[in-house]
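Take a look at the structure set out below.
The values are calculated or read from the model by the stated rules, or taken from the named source; none is laboratory data. This is a predicted model, so every value here is computed, not measured. No Cβ is skipped: glycine too gets one built from the backbone with ideal geometry, and neighbour counts run over all protein chains shown. Side chains are part of the model used for accessible areas, which takes the heavy atoms of the whole protein and leaves out ligands, DNA and RNA. Shrake-Rupley method; radii C 1.70, N 1.55, O 1.52, S 1.80 Å.
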Amino acid sequence: MNKTRHEQFSELFPNEPKYRWKQVELALFQEKNHGWNDATSLPAAMRASLAEKISWLSFEKVTEVAERDGSVRKVLLEAEDGSRIESVLMQNKSGKYSVCVSTQVGCAMGCAFCSTGKLGLKRSLTADEIVDQLRYWQLSQNPITIPAPNGDTEGKEIITNIVLMGMGEPMNNYENVREALNTILANTGIGPTHITVSSAGVLPRLKKILEDKEWPPVCIAISLHSADPIIRKKIMPSSSPNFLPELYEWAEEYLSKFGNRSHYLTFEYIMLDGVNDSVEDAKKLAAYAKPLSHAKINLIPYNDAAGEFQTSSQEKIFAFMEVLQDAGLDVTRRQSLGGSIKAACGQLAAGVVR
Ligand code: SF4
(Lines give C-alpha, C1' and ligand atoms only; values in the text may rest on other atoms or scores of the structure.)
Protein backbone atom coordinates (compact mmCIF):
# COMPACT_ATOMS: atom_id res chain seq x y z
CA MET A 1 0.00 0.00 0.00
CA ASN A 2 1.22 3.47 -0.83
CA LYS A 3 2.27 5.75 1.97
CA THR A 4 -0.26 8.24 3.31
CA ARG A 5 0.06 11.89 2.36
CA HIS A 6 1.14 12.68 5.91
CA GLU A 7 3.88 10.01 5.81
CA GLN A 8 5.10 11.26 2.45
CA PHE A 9 5.12 14.85 3.74
CA SER A 10 7.05 13.88 6.89
CA GLU A 11 9.68 12.09 4.77
CA LEU A 12 9.96 15.00 2.39
CA PHE A 13 10.11 17.66 5.11
CA PRO A 14 11.40 15.95 8.26
CA ASN A 15 12.34 19.20 10.01
CA GLU A 16 9.15 21.17 9.54
CA PRO A 17 7.26 22.26 12.67
CA LYS A 18 4.00 20.43 13.46
CA TYR A 19 1.77 23.33 12.45
CA ARG A 20 2.99 22.98 8.85
CA TRP A 21 1.11 19.71 8.33
CA LYS A 22 -2.04 21.39 9.70
CA GLN A 23 -1.57 24.12 7.07
CA VAL A 24 -1.16 21.46 4.39
CA GLU A 25 -4.33 19.67 5.44
CA LEU A 26 -6.32 22.87 5.52
CA ALA A 27 -5.01 23.80 2.05
CA LEU A 28 -6.31 20.49 0.67
CA PHE A 29 -9.87 21.51 1.56
CA GLN A 30 -9.74 25.15 0.48
CA GLU A 31 -12.13 25.97 -2.30
CA LYS A 32 -9.68 28.16 -4.21
CA ASN A 33 -7.00 25.46 -4.39
CA HIS A 34 -6.98 23.12 -7.37
CA GLY A 35 -3.41 21.92 -6.94
CA TRP A 36 -0.37 22.38 -4.71
CA ASN A 37 0.70 25.47 -6.61
CA ASP A 38 -2.50 27.26 -5.55
CA ALA A 39 -1.80 26.64 -1.85
CA THR A 40 -0.23 30.04 -1.22
CA SER A 41 -0.40 29.61 2.56
CA LEU A 42 2.64 27.33 2.08
CA PRO A 43 6.15 28.53 1.12
CA ALA A 44 6.80 28.56 -2.63
CA ALA A 45 9.65 26.03 -2.47
CA MET A 46 7.47 23.64 -0.48
CA ARG A 47 4.64 23.98 -2.99
CA ALA A 48 7.00 23.12 -5.82
CA SER A 49 8.27 19.98 -4.02
CA LEU A 50 4.77 18.89 -3.10
CA ALA A 51 3.61 19.33 -6.71
CA GLU A 52 6.44 17.11 -7.87
CA LYS A 53 6.25 14.39 -5.20
CA ILE A 54 2.77 14.10 -3.68
CA SER A 55 -0.47 13.71 -5.59
CA TRP A 56 -3.10 16.37 -4.94
CA LEU A 57 -5.91 13.80 -5.18
CA SER A 58 -5.69 10.02 -4.62
CA PHE A 59 -7.86 9.23 -7.64
CA GLU A 60 -8.28 9.79 -11.32
CA LYS A 61 -11.80 10.13 -12.63
CA VAL A 62 -12.82 7.27 -14.94
CA THR A 63 -16.42 8.26 -15.69
CA GLU A 64 -19.06 10.48 -14.22
CA VAL A 65 -22.78 10.19 -14.86
CA ALA A 66 -25.69 12.36 -13.74
CA GLU A 67 -29.44 12.07 -13.40
CA ARG A 68 -31.15 14.08 -16.13
CA ASP A 69 -32.04 16.91 -13.72
CA GLY A 70 -28.49 16.94 -12.32
CA SER A 71 -29.70 16.22 -8.77
CA VAL A 72 -27.59 13.06 -8.46
CA ARG A 73 -24.11 12.48 -9.83
CA LYS A 74 -22.06 9.32 -9.58
CA VAL A 75 -18.36 9.11 -10.27
CA LEU A 76 -16.19 6.07 -10.88
CA LEU A 77 -12.74 6.78 -9.47
CA GLU A 78 -9.51 4.87 -9.97
CA ALA A 79 -6.85 4.77 -7.27
CA GLU A 80 -3.12 4.66 -7.94
CA ASP A 81 -3.10 0.81 -7.74
CA GLY A 82 -5.93 0.55 -10.28
CA SER A 83 -8.66 -0.18 -7.68
CA ARG A 84 -11.98 1.39 -8.57
CA ILE A 85 -14.68 2.78 -6.30
CA GLU A 86 -17.77 4.91 -6.66
CA SER A 87 -18.91 8.06 -4.88
CA VAL A 88 -22.20 9.92 -5.21
CA LEU A 89 -23.20 13.58 -4.89
CA MET A 90 -26.88 14.22 -4.14
CA GLN A 91 -28.78 17.47 -3.98
CA ASN A 92 -31.71 17.62 -1.56
CA LYS A 93 -34.94 19.59 -1.94
CA SER A 94 -33.52 22.65 -0.16
CA GLY A 95 -30.62 22.79 -2.63
CA LYS A 96 -27.92 21.55 -0.24
CA TYR A 97 -25.67 18.64 -1.10
CA SER A 98 -24.77 15.30 0.49
CA VAL A 99 -21.86 13.13 -0.49
CA CYS A 100 -22.02 9.34 -0.26
CA VAL A 101 -18.55 7.96 0.38
CA SER A 102 -17.11 4.46 -0.08
CA THR A 103 -14.82 2.99 2.57
CA GLN A 104 -13.63 -0.23 0.88
CA VAL A 105 -13.05 -1.62 -2.59
CA GLY A 106 -15.84 -4.22 -2.62
CA CYS A 107 -17.17 -5.65 0.64
CA ALA A 108 -16.91 -8.90 2.58
CA MET A 109 -20.35 -8.73 4.20
CA GLY A 110 -22.22 -10.33 1.29
CA CYS A 111 -25.65 -8.75 1.86
CA ALA A 112 -27.94 -10.51 -0.61
CA PHE A 113 -29.57 -7.34 -1.99
CA CYS A 114 -26.34 -5.42 -2.61
CA SER A 115 -24.23 -5.18 -5.76
CA THR A 116 -21.08 -4.32 -3.81
CA GLY A 117 -21.56 -7.49 -1.77
CA LYS A 118 -21.27 -9.54 -4.98
CA LEU A 119 -17.73 -8.26 -5.52
CA GLY A 120 -16.20 -9.61 -2.31
CA LEU A 121 -13.57 -7.54 -0.55
CA LYS A 122 -10.59 -6.36 -2.59
CA ARG A 123 -9.07 -3.97 -0.06
CA SER A 124 -9.85 -1.21 2.40
CA LEU A 125 -9.43 2.42 1.41
CA THR A 126 -6.85 4.63 3.10
CA ALA A 127 -7.97 7.64 5.12
CA ASP A 128 -6.71 9.87 2.27
CA GLU A 129 -8.85 7.97 -0.23
CA ILE A 130 -11.95 8.34 1.95
CA VAL A 131 -11.39 12.08 2.45
CA ASP A 132 -10.57 12.60 -1.23
CA GLN A 133 -14.00 11.42 -2.38
CA LEU A 134 -15.44 14.45 -0.59
CA ARG A 135 -12.72 16.69 -2.03
CA TYR A 136 -13.33 15.31 -5.51
CA TRP A 137 -16.81 16.83 -5.64
CA GLN A 138 -15.56 20.29 -4.64
CA LEU A 139 -12.75 20.08 -7.17
CA SER A 140 -14.97 18.94 -10.01
CA GLN A 141 -18.31 20.69 -9.45
CA ASN A 142 -17.69 24.41 -9.26
CA PRO A 143 -19.45 26.28 -7.57
CA ILE A 144 -20.31 23.49 -5.10
CA THR A 145 -18.06 23.82 -2.07
CA ILE A 146 -17.17 22.20 1.20
CA PRO A 147 -17.85 24.78 3.96
CA ALA A 148 -14.71 26.04 5.68
CA PRO A 149 -14.42 25.84 9.48
CA ASN A 150 -16.35 28.88 10.78
CA GLY A 151 -16.68 29.99 7.15
CA ASP A 152 -19.47 32.13 5.74
CA THR A 153 -21.81 29.92 3.71
CA GLU A 154 -24.34 32.63 2.82
CA GLY A 155 -25.46 32.28 -0.80
CA LYS A 156 -23.09 29.37 -1.49
CA GLU A 157 -23.88 25.94 -2.85
CA ILE A 158 -22.52 23.82 -0.06
CA ILE A 159 -22.03 20.21 0.89
CA THR A 160 -23.73 19.91 4.27
CA ASN A 161 -23.84 16.15 4.85
CA ILE A 162 -21.67 13.11 4.40
CA VAL A 163 -22.91 9.55 4.54
CA LEU A 164 -20.51 6.62 4.71
CA MET A 165 -22.94 4.37 2.88
CA GLY A 166 -21.08 3.70 -0.36
CA MET A 167 -19.08 0.59 -1.15
CA GLY A 168 -17.77 -1.33 1.87
CA GLU A 169 -18.44 -1.83 5.56
CA PRO A 170 -16.95 1.16 7.45
CA MET A 171 -16.52 -0.81 10.68
CA ASN A 172 -14.27 -3.25 8.83
CA ASN A 173 -11.96 -0.32 8.06
CA TYR A 174 -12.20 1.21 11.52
CA GLU A 175 -8.88 3.03 11.93
CA ASN A 176 -8.87 4.62 8.49
CA VAL A 177 -12.52 5.65 8.77
CA ARG A 178 -11.85 7.22 12.17
CA GLU A 179 -8.84 9.10 10.81
CA ALA A 180 -10.79 10.32 7.79
CA LEU A 181 -13.68 11.52 9.97
CA ASN A 182 -11.35 13.40 12.29
CA THR A 183 -9.59 15.00 9.31
CA ILE A 184 -12.90 16.16 7.83
CA LEU A 185 -14.13 17.50 11.17
CA ALA A 186 -10.88 19.38 11.79
CA ASN A 187 -10.69 20.99 8.35
CA THR A 188 -14.28 21.71 7.31
CA GLY A 189 -17.41 23.33 8.70
CA ILE A 190 -19.34 20.05 8.48
CA GLY A 191 -20.38 19.10 12.01
CA PRO A 192 -20.41 15.57 13.47
CA THR A 193 -24.19 15.18 13.49
CA HIS A 194 -24.15 15.92 9.74
CA ILE A 195 -22.03 12.84 9.16
CA THR A 196 -23.54 9.36 9.27
CA VAL A 197 -21.58 6.13 9.35
CA SER A 198 -23.65 3.18 8.20
CA SER A 199 -22.87 -0.32 9.41
CA ALA A 200 -24.33 -3.75 8.77
CA GLY A 201 -23.66 -4.29 12.48
CA VAL A 202 -20.07 -5.37 13.18
CA LEU A 203 -20.62 -5.60 16.92
CA PRO A 204 -17.03 -5.76 18.20
CA ARG A 205 -16.25 -2.49 16.38
CA LEU A 206 -19.53 -0.86 17.37
CA LYS A 207 -18.67 -1.70 20.98
CA LYS A 208 -15.22 -0.20 20.50
CA ILE A 209 -16.83 3.14 19.60
CA LEU A 210 -18.32 3.30 23.08
CA GLU A 211 -14.86 3.29 24.66
CA ASP A 212 -12.79 4.98 21.98
CA LYS A 213 -11.92 8.54 22.96
CA GLU A 214 -10.68 9.27 19.42
CA TRP A 215 -13.95 8.19 17.81
CA PRO A 216 -15.80 11.41 16.86
CA PRO A 217 -19.47 11.92 17.83
CA VAL A 218 -20.87 11.29 14.34
CA CYS A 219 -24.26 9.59 13.83
CA ILE A 220 -24.55 5.87 13.28
CA ALA A 221 -27.04 4.07 11.06
CA ILE A 222 -27.48 0.32 11.46
CA SER A 223 -28.63 -1.70 8.48
CA LEU A 224 -31.20 -3.75 10.35
CA HIS A 225 -33.49 -4.86 7.52
CA SER A 226 -35.36 -7.33 9.72
CA ALA A 227 -36.16 -7.77 13.40
CA ASP A 228 -36.57 -11.50 12.78
CA PRO A 229 -33.30 -13.43 13.14
CA ILE A 230 -34.14 -15.99 10.43
CA ILE A 231 -35.15 -13.41 7.84
CA ARG A 232 -32.17 -11.22 8.71
CA LYS A 233 -29.77 -14.13 8.30
CA LYS A 234 -31.26 -14.85 4.88
CA ILE A 235 -30.64 -11.35 3.56
CA MET A 236 -27.55 -10.54 5.65
CA PRO A 237 -25.50 -13.73 5.94
CA SER A 238 -23.02 -12.05 8.30
CA SER A 239 -25.74 -11.96 10.99
CA SER A 240 -24.97 -14.15 14.02
CA PRO A 241 -27.74 -16.04 15.92
CA ASN A 242 -27.59 -13.60 18.86
CA PHE A 243 -27.18 -10.50 16.76
CA LEU A 244 -30.51 -8.84 17.51
CA PRO A 245 -30.37 -9.01 21.34
CA GLU A 246 -26.68 -8.04 21.33
CA LEU A 247 -27.32 -5.12 19.01
CA TYR A 248 -30.17 -4.00 21.25
CA GLU A 249 -27.91 -4.00 24.28
CA TRP A 250 -25.32 -2.02 22.33
CA ALA A 251 -27.96 0.46 21.12
CA GLU A 252 -29.13 1.14 24.68
CA GLU A 253 -25.60 1.91 25.76
CA TYR A 254 -24.82 3.94 22.64
CA LEU A 255 -27.93 6.08 23.05
CA SER A 256 -27.38 6.62 26.75
CA LYS A 257 -23.95 8.02 25.81
CA PHE A 258 -24.66 9.98 22.64
CA GLY A 259 -28.44 10.16 22.12
CA ASN A 260 -30.13 13.56 22.04
CA ARG A 261 -32.42 15.56 19.76
CA SER A 262 -29.82 16.00 17.05
CA HIS A 263 -27.91 12.78 17.60
CA TYR A 264 -30.01 9.71 17.11
CA LEU A 265 -29.51 6.13 16.04
CA THR A 266 -31.05 5.16 12.73
CA PHE A 267 -32.21 1.69 11.80
CA GLU A 268 -32.12 1.33 8.04
CA TYR A 269 -34.73 -1.04 6.64
CA ILE A 270 -34.74 -2.01 2.99
CA MET A 271 -38.19 -3.01 1.76
CA LEU A 272 -38.05 -6.35 -0.07
CA ASP A 273 -41.29 -7.62 -1.49
CA GLY A 274 -42.56 -10.76 0.26
CA VAL A 275 -39.37 -11.05 2.32
CA ASN A 276 -39.50 -8.51 5.17
CA ASP A 277 -42.37 -6.16 4.31
CA SER A 278 -45.48 -7.71 5.94
CA VAL A 279 -47.52 -6.11 8.71
CA GLU A 280 -46.19 -8.87 10.95
CA ASP A 281 -42.61 -7.81 10.10
CA ALA A 282 -43.52 -4.21 10.91
CA LYS A 283 -44.92 -5.24 14.31
CA LYS A 284 -41.71 -7.12 15.10
CA LEU A 285 -39.66 -4.08 14.16
CA ALA A 286 -41.87 -1.78 16.24
CA ALA A 287 -41.53 -4.05 19.28
CA TYR A 288 -37.75 -4.11 18.81
CA ALA A 289 -37.14 -0.40 18.29
CA LYS A 290 -39.87 1.27 20.32
CA PRO A 291 -38.26 0.95 23.77
CA LEU A 292 -35.11 2.72 22.52
CA SER A 293 -35.15 6.49 22.93
CA HIS A 294 -33.71 8.58 20.08
CA ALA A 295 -33.98 5.71 17.58
CA LYS A 296 -35.39 6.35 14.12
CA ILE A 297 -36.45 4.02 11.35
CA ASN A 298 -35.58 4.81 7.75
CA LEU A 299 -37.45 2.73 5.20
CA ILE A 300 -35.57 2.30 1.93
CA PRO A 301 -37.39 1.26 -1.23
CA TYR A 302 -35.30 -1.52 -2.77
CA ASN A 303 -33.38 -0.69 -5.93
CA ASP A 304 -33.12 -3.46 -8.43
CA ALA A 305 -29.42 -4.17 -8.08
CA ALA A 306 -28.84 -7.87 -7.87
CA GLY A 307 -32.06 -9.05 -9.50
CA GLU A 308 -32.91 -11.57 -6.78
CA PHE A 309 -35.49 -9.41 -5.01
CA GLN A 310 -38.43 -7.24 -5.95
CA THR A 311 -39.36 -3.77 -4.76
CA SER A 312 -42.23 -3.64 -2.23
CA SER A 313 -45.34 -1.91 -3.57
CA GLN A 314 -46.19 1.62 -2.40
CA GLU A 315 -49.24 0.20 -0.61
CA LYS A 316 -47.11 -2.25 1.35
CA ILE A 317 -44.58 0.42 2.25
CA PHE A 318 -47.32 2.76 3.50
CA ALA A 319 -49.02 -0.05 5.48
CA PHE A 320 -45.63 -0.91 7.02
CA MET A 321 -45.03 2.73 7.88
CA GLU A 322 -48.42 3.06 9.48
CA VAL A 323 -47.74 0.20 11.91
CA LEU A 324 -44.50 1.87 12.98
CA GLN A 325 -46.07 5.32 13.30
CA ASP A 326 -49.00 3.92 15.29
CA ALA A 327 -46.45 2.45 17.67
CA GLY A 328 -45.10 5.99 18.15
CA LEU A 329 -41.87 5.51 16.20
CA ASP A 330 -40.13 8.23 14.24
CA VAL A 331 -40.18 6.89 10.66
CA THR A 332 -38.87 8.32 7.41
CA ARG A 333 -39.14 6.86 3.95
CA ARG A 334 -35.98 7.49 2.01
CA GLN A 335 -36.55 9.16 -1.28
CA SER A 336 -34.76 6.82 -3.66
CA LEU A 337 -32.38 9.02 -5.62
CA GLY A 338 -30.12 8.02 -8.45
CA GLY A 339 -31.87 4.81 -9.49
CA SER A 340 -31.58 5.57 -13.21
CA ILE A 341 -27.78 5.91 -12.99
CA LYS A 342 -27.38 3.01 -10.53
CA ALA A 343 -26.26 5.40 -7.81
CA ALA A 344 -28.92 4.41 -5.29
CA CYS A 345 -28.51 2.31 -2.16
CA GLY A 346 -27.18 -1.17 -2.93
CA GLN A 347 -26.27 -0.34 -6.52
CA LEU A 348 -22.64 0.76 -6.23
CA ALA A 349 -20.38 -1.80 -7.80
CA ALA A 350 -17.57 0.20 -9.42
CA GLY A 351 -18.95 -0.52 -12.86
CA VAL A 352 -18.38 -4.24 -12.41
CA VAL A 353 -21.74 -5.85 -11.74
CA ARG A 354 -24.53 -4.66 -13.98
S1 SF4 B 1 -24.97 -3.43 2.03
FE2 SF4 B 1 -23.08 -2.49 2.81
S3 SF4 B 1 -22.29 -4.06 4.23
FE4 SF4 B 1 -23.78 -5.12 2.93
S5 SF4 B 1 -22.57 -5.97 1.22
FE6 SF4 B 1 -23.34 -3.95 0.57
S7 SF4 B 1 -21.66 -2.54 1.05
FE8 SF4 B 1 -21.31 -4.42 2.24
- Between region 76-96 and region 117-154, what's the alpha-carbon centroid distance in Å? 7 Å
- Under 17 Å between alpha carbons - lysine pairs in region 181-308 that sit 8 or more apart or on different chains: 8
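Obtain the radius of gyration and the Kirkwood radius of region 45-132 from its C-alpha atoms and give Rg over Rh. Before the final figure, lay out the partial values.
Details: Rg = 15.6 Å, Rh = 14.9 Å.
A ratio of 1.05.
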- Task: Could you pull out which residues in region 1-35 have an amide N less than 11 Å from a spot 7 Å beyond the Cα of Arg123, following the Cα-Cβ vector?
- Result: 1-3
- Query: Residue by residue, what Karplus-based ³J(HN,Hα) values in Hz, rounded to whole numbers, does region 237-244 have, using 6.51, -1.76 and 1.60 with θ = phi - 60° and x for Gly and Pro?
  - Reply: x, 6, 5, 8, x, 9, 4, 4
- Query: Using modelled backbone amide H atoms (1.01 Å from N, in-plane), which distant-in-sequence or interchain residues come within less than 5 Å of Lys296's amide H?
  - Reply: Leu265, Thr266, Phe267
- Could you calculate the contour length gain from Phe318 to Lys96, that is, 0.36 nm times the residue separation minus the distance between their Cα atoms, to one decimal place in nm? 77.2 nm
- Message: With θ taken as phi - 60° and the coefficients 6.51, -1.76 and 1.60, list the Karplus ³J(HN,Hα) couplings across region 203-219 in order, rounded to whole Hz; mark glycine and proline as x.
- Response: 4, x, 6, 4, 5, 4, 3, 5, 10, 7, 5, 8, 6, x, x, 7, 7
- For Ser140, put the label point 7 Å out on the Cα→Cβ axis and report which residues of region 151-190 keep their amide N under 12 Å from it. none
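Which three numbers, in whole Å and largest first, are the semi-axes of the equivalent ellipsoid of the chain derived from its Cα gyration tensor as √(5λ)? List each step's numbers first, then the result.
On the way: eigenvalues 261, 89, 75 Å².
Over the Cα atoms of the chain, the semi-axes work out to 36, 21, 19 Å.
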- Accessible surface of the chain, 1.4 Å probe, proportion on carbon and sulfur as whole %: 49 percent
- Item | For q = 0.12, 0.13, 0.20 Å⁻¹, Debye-computed log10 I/I(0) when each Cα of region 200-330 counts as one equal scatterer | -0.46, -0.54, -1.20
- Task: Please report the Cα spread of region 71-213 along all three principal axes, rounded to whole Å, starting with the longest.
- Result: 42, 35, 30
- Query: Hey, rough spin-label estimate for Asn182 and Ser256, points 7 angstrom out along Cα→Cβ, what's it come to in nanometres?
  - Reply: 2.7 nm
- Message: Report the gain in length on full extension from Ala66 to Glu80: 0.36 nm times residue separation, minus Cα-Cα distance, nm rounded to one decimal.
- Response: 2.6 nm
- Item | Straight-distance crosslink candidates among lysines, where the alpha carbon sits under 26 Å from Lys156 and sequence neighbours closer than 8 are dropped | Lys22, Lys32, Lys61, Lys74, Lys93, Lys96
- Query: Can you list residues whose amide H is under 5 Å from Met271's amide H, if they're 5+ apart or on another chain and H is modeled 1.01 Å from N?
  - Reply: Ile300, Tyr302
- Message: Run the reach check for Lys316 against aspartates and glutamates, Cα to Cα strictly under 15 Å, same-chain hits fewer than 8 apart removed. What comes back?
- Response: Asp273, Asp277, Glu280, Asp281
- Task: At 1.4 Å probe size, with no ligands or nucleic acids counted, give the accessible surface of Lys316 in Å², nearest ten.
- Result: 70 Å²
- ³J(HN,Hα) computed for each position of region 166-173 - Karplus, 6.51 cos²θ - 1.76 cosθ + 1.60, integer Hz, glycine/proline x: x, 6, x, 9, x, 5, 8, 9
- Message: On a full-extension model of 0.36 nm per residue, what is the gain between Glu11 and Glu308, subtracting their alpha-carbon distance, rounded to one decimal in nm?
- Response: 101.9 nm
